[in-house]
Amino acid sequence: MRARFGKVAVLLGGTSAERDVSLMSGGAVLAALCAAGVDAHGFDPAELDLHVLKEQGYDRAFIALHGRGGEDGTVQGMLELLKIPYTGSGVMASALAMDKWRTKMVWAACGLPTPRYAILNADTDWDAVAADLGLPIFVKPVHEGSSMGATKVTEPGQLRAAWELAARFDDLVIAEEFISGAELTAPFLHDRALPLIRIEAPGGNYDYQNKYFTDDTRYLCPCGLPAEQEQALQALIMQSARVLGCRGWGRADLILTGDGRPYLLEMNTSPGMTGHSLVPMAARVAGMDFTQLCLAILEDARLG
């Protein structure tokens with residue numbers, strides 16, 4: 001393994017609001033790679049500048065960073081300059097997928113289904129937004145993940161407070177119409193979609209706490225859909241990834257309405273790899289354990 005991959009940096013931590021989750025993800029990946037005999041080392045960009053990677057002789061980077069400064073194309077761009085192959089999507093796709101607003105514009109332009117939305121600011125006519133999108137409405141920062149700063153609004157009077165919360169995380173805030181249905185997530189690895197996962201969170205609220213720090217959220221994989229329907233959704237996921245330029249691995253979130261209509265919510269190009277994470281769960285159902293998954297992701301590390 002040492003000769004196959006060379007010296008590997010597992011990038012973890014970072015400076016985003018998702019630092020704690022990234023430390024958990026990176027720690028799990030690092031342990032798995034080391035157990036498999038890979039010459040892997042943890043590297044926290046919050047503590048060392050990335051140019052040190054070249055000075056210390058790293059041959060590849062496994063990106064286990066989440067959020068801005070790690071999942072948004074900036075680290076990918078630096079690794080391109082250093083000519084160190086890295087896991088996951090490239091610079092453009094990473095930057096695009098991190099931007100929920102522009103992701104939705106690309107999907108809509110390509111005819112892919114995604115909920116209607118509005119961009120919010122201090123001058124927004126809150127009543128008009130509520131009338132246009134209907135209630136409930138999800139308000140969230142455009143450039144954050146893990147439900148950071150997100151609020152489910154059920155009354156027009158709550159919109160401004162929801163915007164103010166989201167604006168603490170990002171200058172750009174989006175309001176998205178609520179689509180009632182089953183919450184599904186669809187990981188992909190290389191050029192194929194993995195089994196879909198149905199998420200059943202307490203009270204239907206899949207927030208930061210219920211994602212990472214509770215055992216009350218239920219994850220159903222297999223998801224229970226008929227095979228033909230699941231295959232159609234997997235094809236949609238791969239199409240949604242291709243139009244954004246994604247590669248290597250990732251995970252798309254969607255809602256499936258009661259009458260079978262899917263709505264794409266967002267794309268994650270550096271998903272979680274914690275004990276509660278969904279890509280490892282789907283990989284297990286596909287016959288791949290956590291170590292095999294980490295090695296498959298690392299195998300695909302590249303430039304360009």
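The values are calculated or read from the model by the stated rules, or taken from the named source; none is laboratory data. What you are looking at is a predicted structure, and each value in this text was computed from that prediction instead of being measured. Counting neighbours? That spans all protein chains shown, and the Cβs are built from the backbone with ideal geometry, glycine included. Accessible surface areas use protein heavy atoms only, side chains included; no ligands, DNA or RNA. Shrake-Rupley method; radii C 1.70, N 1.55, O 1.52, S 1.80 Å.
Residues whose amide H falls under 5 Å from that of Lys7, counting only those 5 or more places apart or on a different chain, are Asp59, Arg60, with hydrogens built in the peptide plane. Accessible area per residue (1.4 Å probe, heavy atoms of protein chains only) ranks Lys152, Lys54 as Lys54, Lys152, with the largest value leading. Checking [x] 0.97; [y] 0.94; [z] 1.02 against the coordinates, the calculated Rg/Rh (Cα atoms, Kirkwood Rh) falls under label [x]. Ranked by the mean number of other Cβ atoms within 10 Å of their residues, highest first, the peptides 128-141, 85-98 fall in the order 85-98, 128-141. Assuming charge only on the beta carbon of Lys and Arg (+1) and of Asp and Glu (-1), the dipole of the range 100-204 about its Cα centre is about 380 debye to the nearest 20.
Counting only lysines at least 8 places from Lys140 when in the same chain, those with an alpha carbon closer than 27 Å to its own are Lys100, Lys104, Lys152, Lys211. For the chain, the solvent-accessible area works out to 41 Å² per residue, with a probe of 1.4 Å and every protein chain left in place.
Amide H to amide H distances under 5 Å link Leu196 with Cys223, where only residues 5 or more positions off or on other chains count and H is placed in the peptide plane. Its Cα centre serving as origin, the range 222-304 has a Cβ charge dipole (Lys and Arg +1, Asp and Glu -1) of approximately 200 debye. Local charge for Leu79 was computed over the other residues whose Cβ lies under 11 Å away, with Lys and Arg +1 and Asp and Glu -1, and equals +3. Close amide-amide hydrogen proximity is noted between Val153 and Ile137, Phe138, Val139, each under 5 Å apart and 5 or more residues distant or on a separate chain (H modeled in the peptide plane; Pro and chain starts excluded).
Compared with the dominant Cα axis of the chain, that is its longest principal axis, helix 100-109 is turned about 80°. From the alpha carbon centroid of the range 5-71 to that of the range 118-173 is 33 Å. Expressed as an acute angle from 0 to 90° and rounded to the nearest 10, what is the orientation of the C-alpha long axis of helix 19-35 relative to the principal long axis of the chain? With both axes taken from Cα atoms, the answer is about 40 degrees. Count the net charge of all other residues whose Cβ sits under 15 Å from the Cβ of His190, scoring Lys and Arg as +1 and Asp and Glu as -1. Local net charge: +2. Between Asp132 and Ala31, the modelled label-to-label distance comes to 4.8 nm, taking each label 7 Å out from Cα in the direction of the beta carbon.
From the square roots a ≥ b ≥ c of the eigenvalues of the alpha-carbon gyration tensor of the range 143-296, which class results: rounded (a/c under 1.5), prolate (a/b over b/c), or oblate? Prolate shape, in that a/c is at least 1.5 and a/b is the bigger ratio. Solvent exposure of Leu165, expressed as accessible area, is near 50 Å², computed with a probe of 1.4 Å over the protein chains only. Under 22 Å of direct C-alpha separation, and excluding same-chain neighbours fewer than eight residues apart, Lys54 reaches these lysines: Lys7, Lys83.
Think of each Lys and Arg Cβ as +1 and each Asp and Glu Cβ as -1; about the Cα centre, that makes the dipole of the chain roughly 880 debye. How far apart, in nm, are the 7 Å Cα→Cβ label points at Arg116 and Leu48? Rounded to a tenth, the inter-label distance reads 5.2 nm.
Of the listed residues Cys294, Cys110, the order by accessible area with a 1.4 Å probe, largest first, is Cys110, Cys294.
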